[in-house]
Amino acid sequence: MSDLPISPAQTASDDGHLAVRMCGIDFKNPIIPASGAFGFGREYESLYPLSRLGGISVKGMTLHKRDGNPMPRVAETPAGMLNSVGLQNPGVDYFIEHELPNLLTKDTVIIANCAGSTVEDCTEMAKKLNRTGVHMIELNISCPNVKAGGLAFGVDCQSAATVTHAVKNAAPDKPVMVKLSPNVTDITAIAKAVEAAGADAVSLINTLLGMRIDLASRRPILKQNVGGLSGPAVFPVAVRMVWQVANAVSIPVMGMGGVSTWKDAAEMMLAGATCVQVGAALFQNPLAPIEIIDGLRQYVEESGISSISDLIGGVQPW
């Protein structure tokens, strides 16, 4: 088939061939802009209807407003980028009052991404979100856990399980999807821990830790010294980890990490992902999610498969 997707102007509304179901929620297609790359969607509405998307994972939120890290906090890398934005956001109450009402009119699945430095912060946010119309909570456990001496929740099985259990209890009416850190020795151990603690799904991967150094000043380019690596450079690592986790747990997996084309998305689904998030690609091509959706539709039509769901976990290992 052609490598070129159908242009958005030529595309009809999504049909059942691209529909997927995850955690009891129907997605019209499996493509979702990733948290941190899409804000709250307002900037993209002039480019295409947000209803074209399978869902939106909104900007990561904390209990209170955060200004983020000092600049410089973004650096270009070969086949990707580093960032140490530091979860700059207006806080969960602002989101609920000012952003969520608009998002809930867009006829797409809304995923609230939240993070906290303590279990108490995470549970308080979960309680607030449980009373709203968001469809799913994505719990980012890759943030520093202050009470554990700066250890990230996501790199320790017990910490990951503890915060997952607390958030699930605080938001019993919402599916809780835990976003996993790749900066671990065995990501399947973390995935199994959060599954046992009550997670309804997992999403992965978050960014890999990286660093760039300015030769003239001999200082790191990022003010925080290190940052999260995203973009095509991390894609093979993401596919590997999605495949490993999908074969280690029984809950659904949402894949992400370097997805830029419809072929990447299809590959991620073959590895075991039910849905696929698109992040860094948006900074180079704001139309990337729409082009990926159109490419997947054309692939389904030309391949003769009945549904995109047929791809999920379909890889045939040697």
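The values are calculated or read from the model by the stated rules, or taken from the named source; none is laboratory data. Quick caveat: nothing in here was measured; it's all calculated off a predicted structure. Positions of Cβ are generated from backbone atoms using ideal geometry, with glycine treated the same way; all protein chains shown enter the neighbour counts.
No other residue among Ile312, Ile293 is in contact with a Gly (Cβ under 9 Å, 6 or more places away or on another chain), over 28 Å from Val194 (Cβ atoms) and modelled with pLDDT of 95 or more apart from Ile293.
Of all the residues in region 97-131, those that are of a type in the set (Val, Ile, Thr), surrounded by 19 or more Cβ atoms within 10 Å (Cβ to Cβ) and free of Cβ contacts under 8 Å to residues at least 40 places away in the same chain number 0. Counting the residues of region 204-216 that are closer than 20 Å to Gly86 by Cβ and crowded, with 23+ Cβ neighbours inside 10 Å gives 3.
Among the residues of region 160-193, none is identified as of a type in the set (Asp, Glu) and either touching a Gly at 6+ places or on another chain (Cβ under 9 Å) or at pLDDT below 95 (or both). With the condition kept exactly as written, say whether any residue in region 95-112 is more than 20 Å from the chain's Cα centre (by Cα), at pLDDT 95 or above and of a type in the set (Phe, Trp, Tyr). No, region 95-112 contains no residue that is more than 20 Å from the chain's Cα centre (by Cα), at pLDDT 95 or above and of a type in the set (Phe, Trp, Tyr). When Pro236, Pro220 are screened for being in contact with an Asp or Glu (Cβ under 9 Å, 6 or more places away or on another chain), over 21 Å from Asn140 (Cβ atoms) and not basic (Lys, Arg), only Pro220 passes. One residue stands out among those in region 29-51 that are assigned to a loop (DSSP other than H, G, I, E, B) and in contact with an Asp or Glu (Cβ under 6 Å, 6 or more places away or on another chain): the one that is surrounded by the fewest Cβ atoms within 10 Å (Cβ to Cβ), which is Phe40.
Checking Ala248, Ala189 one by one, the residue that is of a type in the set (A, V, I, L, M, F, W, C) and in contact with a Lys or Arg (Cβ under 7 Å, 6 or more places away or on another chain) is Ala248 and no other.
When region 194-213 is filtered for residues that are over 26 Å from Val74 (Cβ atoms), assigned to a loop (DSSP other than H, G, I, E, B) and either at pLDDT below 95 or among the charged types (D, E, K, R) (or both), only Asp200 remains. For residues that are crowded, with 24+ Cβ neighbours inside 10 Å, more than 20 Å from Met22 (Cα to Cα) and in contact (Cβ under 8 Å) with a residue 60 or more places away in the chain, tally how many sit in region 173-193. Number of matching residues: 0.
Conditions (1) charged (D, E, K, R); (2) assigned to a loop (DSSP other than H, G, I, E, B), marked per residue:
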| site | (1), (2) |
| --- | --- |
| His64 | no, yes |
| Leu87 | no, yes |
| Ile96 | no, no |
| Lys106 | yes, yes |
| Glu138 | yes, no |
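Checking Ala170, Ala196 one by one, the residue that is surrounded by fewer than 23 Cβ atoms within 10 Å (Cβ to Cβ), hydrophobic (A, V, I, L, M, F, W, C) and farther than 25 Å from Gly36 by Cα is Ala196 and no other. Take region 52-73 and flag every residue that is over 18 Å from the mean Cα position of the chain (by Cα) and either closer than 30 Å to Asp294 by Cα or surrounded by 18 or more Cβ atoms within 10 Å (Cβ to Cβ) (or both). Leu63, Arg73 - these are the residues of region 52-73 that are over 18 Å from the mean Cα position of the chain (by Cα) and either closer than 30 Å to Asp294 by Cα or surrounded by 18 or more Cβ atoms within 10 Å (Cβ to Cβ) (or both). From the list Ala216, Ala191, Ala233, the one residue that fits, being in contact with a helix residue (DSSP H, G or I) (Cβ under 9 Å, 6 or more places away or on another chain) and either outside any loop (DSSP other than H, G, I, E, B) or not basic (Lys, Arg) (or both), is Ala191. Could you look through region 262-300, keep only residues that are over 16 Å from the mean Cα position of the chain (by Cα) and of a type in the set (S, T, N, Q), and pick out the one that is surrounded by the most Cβ atoms within 10 Å (Cβ to Cβ)? Only one residue tops the list, namely Gln298. Of all the residues in region 201-236, those that are more than 15 Å from the chain's Cα centre (by Cα) and farther than 16 Å from Val278 by Cβ number 20. Annotation: Trp318 fulfils all but one of (1) free of Cβ contacts under 8 Å to residues at least 40 places away in the same chain; (2) touching a Lys or Arg at 6+ places or on another chain (Cβ under 8 Å); (3) of a type in the set (A, V, I, L, M, F, W, C); the unmet one is (2).
For region 163-193, the set of residues classified as out of contact with any strand residue (DSSP E or B) (no Cβ under 8 Å at 6 or more places or on another chain) and under 29 Å from Glu97 (Cα atoms) consists of His165, Ala166, Asn169, Ala170, Pro172, Asp173, listed by residue number.
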